[in-house]
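Engineer: One structure is given below, represented as structure tokens, and several questions about it will come after.
The values are calculated or read from the model by the stated rules, or taken from the named source; none is laboratory data. These numbers come from a predicted model, not from an experiment. Heads up, the Cβs are rebuilt from the backbone with ideal geometry, glycines too, and the neighbour counts pull from every protein chain shown.
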Amino acid sequence: MRQRVPVVVLVPTMAALMLPSACHTVPADRAAEATATASAASTATAATGDLARQVDIGGGRKIYLHCRGSGSPTVVLVSGLHDSSDTWSITDTRPPVPKAPAIFPGVAEFTRVCTYDRPGTLRYTEPPALTARSTSVTGTRSLTDMVRDLDEVLTLGHVPGPYLLVGHSFGGMITRLYAQKYPERTGGLVFVDAFGTNMKPFFGRDWAAYVRLLNHPGTAFDDDPAFEKADIDGAVAAVDRAGPLPKVPLAVISKTEPFAAAEEAPKPLLTRLERAWPRVQQALVELAPQTPHLRATGSDHYVQVHDPDLTISAIRLVRGRTPHG
């Protein structure tokens with residue numbers, strides 16, 4: 001049986017089964033752990049040429065940034081809701097899909113690639129924990145705030161543009177709004193089973209329940225004030241208000257298997273979600289002409305984990321279509 005990753009943004013998944021059922025224990029001194037991480041990263045930077053450090057974005061906040069490789073455009077990997085950057089460096093594959101490389105090291109073989117930890121996201125550690133590498137933020141966050149964080153960590157982290165933005169799940173909303181706000185810095189987009197703006201009509205009066213499910217997916221961290229939560233309706237409105245995407249190459253990768261869900265997940269919501277998802281993906285394909293639509297046969301929502309070679313191929317394809325590729 002295939003191992004499932006702890007969290008899926010769109011349904012309460014194996015997080016409810018894999019995370020401790022009792023109250024979680026957050027590291028007692030997050031600042032100390034983050035300092036140790038940054039110190040170790042500095043040593044790695046000198047030895048390998050990687051960049052792995054906390055970027056001071058002002059206001060007493062720091063965001064963890066990790067970059068590797070060389071070349072242009074810089075690929076920026078943006079995780080889904082609740083996920084740290086770990087999802088780009090792990091795999092869970094079965095033949096004929098190779099186990100290695102994962103997305104982050106695989107892309108670093110042919111261009112510069114960066115990823116980062118949004119505050120309040122989950123590390124894929126044993127046991128799982130909220131990231132200590134980025135400064136905690138409490139409360140429900142707007143998509144605009146998330147995009148601002150991304151822009152600041154790239155700018156203040158001296159990450160060279162243009163950017164080929166790769167967004168998984170709700171990360172696709174972040175990359176989409178970023179491209180709309182900063183078209184001159186955007187070289188291309190890859191949507192990895194990404195969230196769309198056309199979902200609400202498919203849920204009808206169940207939409208509010210679905211939004212609650214997104215922000216409370218059934219993990220042991222749901223009630224932690226630092227656990228990432230997003231203003232979903234505000235995010236859709238922000239994208240709709242921001243105007244068209246820049247004329248850059250796109251690719252869309254979509255799952256073919258059902259969302260992994262815990263037994264207690266509301267079945268009516270799951271049914272609506274599965275019915276809506278093909279239409280959500282098709283709407284992303286229609287954002288730009290000649291956008292390839294790749295189907296990750298046999299994969300659930302975590303395409304980058306289950307089909308890393310397909311995801312890397314899509315990134316290569318879009319990179320080859322950019323003027324900088």
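Engineer: Does Thr175 meet the test of being of a type in the set (S, T, N, Q) and either surrounded by 16 or more Cβ atoms within 10 Å (Cβ to Cβ) or out of contact with any Ser or Thr (no Cβ under 9 Å at 6 or more places or on another chain) (or both)?
Structural biologist: So Thr175 passes the test.
Engineer: In this structure, is Glu286 under 20 Å from Arg176 (Cα atoms) and touching a His at 6+ places or on another chain (Cβ under 7 Å)?
Structural biologist: Working: under 20 Å from Arg176 (Cα atoms): yes; touching a His at 6+ places or on another chain (Cβ under 7 Å): no.
Considered against the rule, which asks whether it is under 20 Å from Arg176 (Cα atoms) and touching a His at 6+ places or on another chain (Cβ under 7 Å), Glu286 comes out as no.
Engineer: Another question, if that's okay. Would you confirm, using the coordinates I've provided, whether Gln180 is closer than 20 Å to Val78 by Cα and either at pLDDT below 95 or surrounded by fewer than 21 Cβ atoms within 10 Å (Cβ to Cβ) (or both)?
Structural biologist: yes
Engineer: So Thr135 ticks every box in (1) surrounded by fewer than 20 Cβ atoms within 10 Å (Cβ to Cβ); (2) part of a loop (DSSP other than H, G, I, E, B); (3) of a type in the set (S, T, N, Q) but one. Which box is left unticked?
Structural biologist: Thr135 satisfies all of (1) surrounded by fewer than 20 Cβ atoms within 10 Å (Cβ to Cβ); (2) part of a loop (DSSP other than H, G, I, E, B); (3) of a type in the set (S, T, N, Q) except (1).
Engineer: Restricting attention to segment 95-124, which residues are surrounded by fewer than 18 Cβ atoms within 10 Å (Cβ to Cβ) and either closer than 16 Å to Ala52 by Cβ or in contact with a Gly (Cβ under 6 Å, 6 or more places away or on another chain) (or both)?
Structural biologist: Selection gives Pro105 alone.
Engineer: Across segment 55-108, which residue is nearest to the chain's Cα centre (by Cα) among those that are of a type in the set (Val, Ile, Thr) and not in a strand (DSSP E or B)?
Structural biologist: Result: Thr87.
Engineer: With respect to the numbered conditions (1) surrounded by fewer than 14 Cβ atoms within 10 Å (Cβ to Cβ); (2) at pLDDT below 95, which one is the sole condition not fulfilled by Ala260?
Structural biologist: So the condition that Ala260 fails would be (1).
Engineer: If I filter segment 192-199 for residues that are among the β-branched types (Val, Ile, Thr), over 26 Å from Trp277 (Cβ atoms) and touching an Asp or Glu at 6+ places or on another chain (Cβ under 8 Å), do I get at least one hit?
Structural biologist: For segment 192-199, residues among the β-branched types (Val, Ile, Thr), over 26 Å from Trp277 (Cβ atoms) and touching an Asp or Glu at 6+ places or on another chain (Cβ under 8 Å): absent.
Engineer: Sticking with this one: Of the residues Asp92, Asp83, which single one is more than 20 Å from Pro160 (Cα to Cα) and surrounded by fewer than 21 Cβ atoms within 10 Å (Cβ to Cβ)?
Structural biologist: That would be Asp92, the only listed residue that is more than 20 Å from Pro160 (Cα to Cα) and surrounded by fewer than 21 Cβ atoms within 10 Å (Cβ to Cβ).
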